[in-house]
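Enquirer: Take this structure first; my questions come after.
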Amino acid sequence: MRSPRFDATVLTLGFAFLYIPIIILIVYSFNASRLVTVWGGFSLNWYSAMWSNQGLMDAAWVTARVGVLSATLGTVLGTLAALALTRFARFPGRMAFSGMIYAPLVMPEVITGLSLLLLFVAMGVDRGFWTVTIAHTTFTMCYVAIVVQSRLLTFDRSLEEAALDLGCPPVKTFFKITLPLIFPAVIAGWMLAFTLSLDDLVIASFNTGPGATTLPIKIYSQVRLGVTPEINAICTILIGLVTLGVIAASLTTKRTEIRRVRDEHLAARGTTS
Amino acid sequence: MANVVAEANPATGTGGPSWTRWLVVAVPYIWLILFFVAPFLIILKISFSDTAISIPPYTPLFQGFGAIGDFFSQLDFENYIFLTEDPLYIWSYLSSLRIAAISTLLLLLIGYPMALAMARAPTSIRPTLVMLVILPFWTSFLIRVYAWIGILKPDGLLTLLLQTIGLMGPDQQVQIFRTDYAVFIGIVYSYLPFMVLPLYAALEKMDHSLLEAASDLGCPPWKAFWKITFPLSLPGVIAGSMICFIPITGEFVIPDLLGGADTLMIGKTLWTEFFGNRDWPLASAVAVILLIMLVIPIMIFQNQQKKVA
């Protein structure tokens, strides 16, 4: 049970299971043949087919705008929520508030999607770009709140306290001290929010309207008709973008983390000597 | 609302003019009440209304303040009674719970050894392993389910592989696609990172001197596992199981794309009711009952999260 060979086997099998389907998908996006079981040679045909598919490109553009807007809104709201949860020990309805932050993380999407749609209909709002954006903001802000909260709970509060003791106004303290310190978490939260928005089919399907077809809705309707290498091509591009983003984010986080530890160390030495 | 400010302790709060502190709490609070809590009240109200052939397809929600008084006298249980009368819905709920329970068990059986192996790996490679688990989670859910269609369909890659290595004759095909087995594969594949990460977080924190002490005292490894490792990882087991079980119960994409016509899941039923039959009140009633079924798991999950935070 404790042997390293057992562990290595488990990990190899586990990661093979996680990655082989994705790798196959990527490989077949370069397949000249339309059939998934026949390798017809290397080809970029499906990428050009995808590029000239106007419906797909329009959907990609809608998704990008919804993603950027809802991730940004969700990050602002989620960061505020994280501050409220970690910095204000007591306020009326704090329990209910933390419940509202955790519940959307596990809530089945069909429920969230349907209930929001009924709200929009009851309010007499036309469904479209903005309703999808609001829906995405609402569920992504909770993920951002969790990510930022964990950072706020672990960082050294003495810097914040020092600024306040020296008479720095709290809002200025937040922007000069707190925000730079939690910034990697805020960026990570934004990226998570963006990919979640990019990924969402169910909530978007309920809340979308004419002219606001997102990429997952488009992909879903084509997938129902069967596997097409064109979809493989767009999926490969999405996977590539996300992988690059995650690697870039983890590198910058690592670098800022090293700098932050060094700065905190210097600051600590400055205060003691 | 003024006591939001008064309550804050200057030693622990960020301090500041009352309105900024008020805003920090109020803005996300009001947003969530408006777009997360209010919709549930509306869905509850609509589940009690009649279907009308109009757009929006339900009888008007709000007819002035007098209507509030009439609300309770007008409660219409028609949709709920319909749900209990048609076995399709009862079977959908039961089948969703069954599929979610079996999937969660499978996820635990696969995820636990992975998380354990990760926690026992050298410290230097652990961040890379965590990254490798997270990366598929960042790639689209839909794409990952789609990838399995090409593998599992009768003329897909699995058939090709089995025919090539001779386990299957050239005229035979794998009959997994559009069955419950394909749904289980899709669910386990999609939710594995959600199971591994909480388990890893719990196992990584574990004090290894406990296991050394047990082995020094002559405790066999498998017994030490059940007496020490597993009980200590229980918070991770509960968190991971809830994070998987709750959304799987309402899953739509996986049973729709990989499951067969006889794969009953309530997320799919709700979707058909809404988009196919355009019966909004009935879809709302389906959602309300699903939510009631999930209240207890959701509360277990929230308690667990509060303990961790």
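All of the numbers you see were taken from the coordinates with simple rules; none came from a lab. Only a predicted model underlies this, so the values are computations on that prediction, with no experimental measurement involved. A quick note on method: Cβ atoms are made from the backbone with ideal geometry, for glycine too, and the neighbour counts reach across all protein chains shown.
Enquirer: For the stretch B:31-36, in order, what is each residue's ³J(HN,Hα) by Karplus, 6.51 cos²θ - 1.76 cosθ + 1.60 with θ = phi - 60°, in whole Hz (x at glycine and Pro)?
Expert: Each residue's phi maps through the Karplus curve to give 4, 5, 5, 5, 9, 10 Hz.
Enquirer: Next question, about the same structure. Ignore the peptide's own chain and count Cβ atoms of other chains within 10 Å of each Cβ in B:274-287; give me the average, rounded.
Expert: 2
Enquirer: For B:Tyr29, B:Tyr80, what ranking results if the residue with the fewest other Cβ atoms within 10 Å of its Cβ goes first?
Expert: Least to most surrounded, the residues fall as B:Tyr80, B:Tyr29.
Enquirer: Also, quick follow-up: Which of the DSSP-defined H helices in chain A satisfy a minimum axial length of 24 Å, computed from C-alpha atoms, and a minimum mean Kyte-Doolittle hydropathy of 1.6?
Expert: Membrane-span-like by this rule: A:4-28, A:179-199.
Enquirer: Going Cα to Cα from B:Lys307, which lysines come in below 23 Å? Please leave out same-chain ones fewer than 8 positions away.
Expert: B:Lys205, B:Lys227
Enquirer: Another one. Given Cα pairs under 8 Å that are at least 6 residues apart, what percent is the relative contact order of the stretch A:62-272?
Expert: 32 percent
Enquirer: A further question follows. Which whole number gives the average, over all residues in A:12-19, of C-beta atoms from other chains lying within 10 Å of the residue C-beta?
Expert: Mean partner shielding for this stretch: 5.
Enquirer: Do me a favour and compute the ellipsoid semi-axes for the stretch A:1-111 from its Cα gyration tensor, root of five times each eigenvalue, largest one first, whole Å.
Expert: For the stretch A:1-111, the ellipsoid semi-axes come out as 42, 29, 11 Å.
Enquirer: Amide H of A:Ser33: which non-local residues (sequence gap of 5 or more, or other chain) have their own amide H closer than 5 Å, using H built in the peptide plane?
Expert: A:Gly40, A:Gly41
Enquirer: Which whole-number percent gives the relative contact order of chain B, counting Cα pairs below 8 Å spaced six or more residues apart?
Expert: Here the relative contact order equals 25 percent.
Enquirer: Once Rh is set to the Kirkwood radius over Cα pairs, what Stokes-Einstein translational diffusion coefficient, in µm²/s, holds for the protein assembly as shown at a temperature of 10 °C and a viscosity of 1.306 mPa s?
Expert: 61 µm²/s
Enquirer: I've got another one for you. Take A:Phe129, B:Phe177 and order them by how many other Cβ atoms sit within 10 Å, fewest up front.
Expert: The most exposed by this proxy come first: A:Phe129, B:Phe177.
Enquirer: Here's a follow-up. Hey, any idea what the orientation-averaged projected area of the convex hull of the stretch B:120-201's Cα atoms comes to, in nm²?
Expert: Answer in nm², one decimal: 7.2.
Enquirer: For a quick protection proxy, order the peptides B:245-253, A:58-66, B:281-289 by their average other-Cβ count within 10 Å, most packed first.
Expert: B:281-289, B:245-253, A:58-66
Enquirer: Turning to a different aspect of this structure: Average partner chain C-beta neighbours within 10 Å, per residue of A:236-246?
Expert: Shielding by partners across A:236-246 averages 3.
Enquirer: Among A:Arg127, A:Arg5, B:Arg21, what is the fewest-to-most ranking by other Cβ atoms within 10 Å?
Expert: Ascending number of Cβ neighbours within 10 Å: A:Arg5, A:Arg127, B:Arg21.
Enquirer: Additional query: Is the shape of chain B rounded, prolate or oblate, going by the alpha carbon gyration tensor and its root eigenvalues a ≥ b ≥ c, with a/c under 1.5 for rounded and a/b larger than b/c for prolate?
Expert: In terms of gyration-tensor shape, oblate.
Enquirer: A follow-up question, please. What's the center-to-center distance, using Cα atoms, between the stretch B:211-249 and the stretch B:164-200 in Å?
Expert: One Cα centre to the other: 26 Å.
Enquirer: Show me, bin by bin at 10 Å from 0, the whole-percent P(r) of the stretch A:62-272 based on Cα pairs.
Expert: Here the calculated profile for the stretch A:62-272 is 8, 27, 31, 20, 10, 3, 0.
Enquirer: Can you tell me what the convex hull of the Cα atoms of the stretch B:205-264 projects to on average, as an area in nm²?
Expert: 6.1 nm²
Enquirer: Further question on the same structure: Can you compute 3J(HN,Hα) from phi for each residue in the stretch B:219-235, using the Karplus curve 6.51 cos²θ - 1.76 cosθ + 1.60 with θ = phi - 60°, rounded to whole Hz and x for Gly and Pro?
Expert: 7, x, x, 5, 6, 4, 4, 6, 8, 10, 4, 4, x, 5, 8, 3, x
Enquirer: For the stretch B:155-170, take each phi angle, set θ = phi - 60°, evaluate the Karplus expression 6.51 cos²θ - 1.76 cosθ + 1.60, and give the result in whole Hz per residue in order, putting x for glycine and proline.
Expert: 9, x, 6, 5, 4, 4, 4, 5, 5, 5, 7, x, 6, 9, x, x
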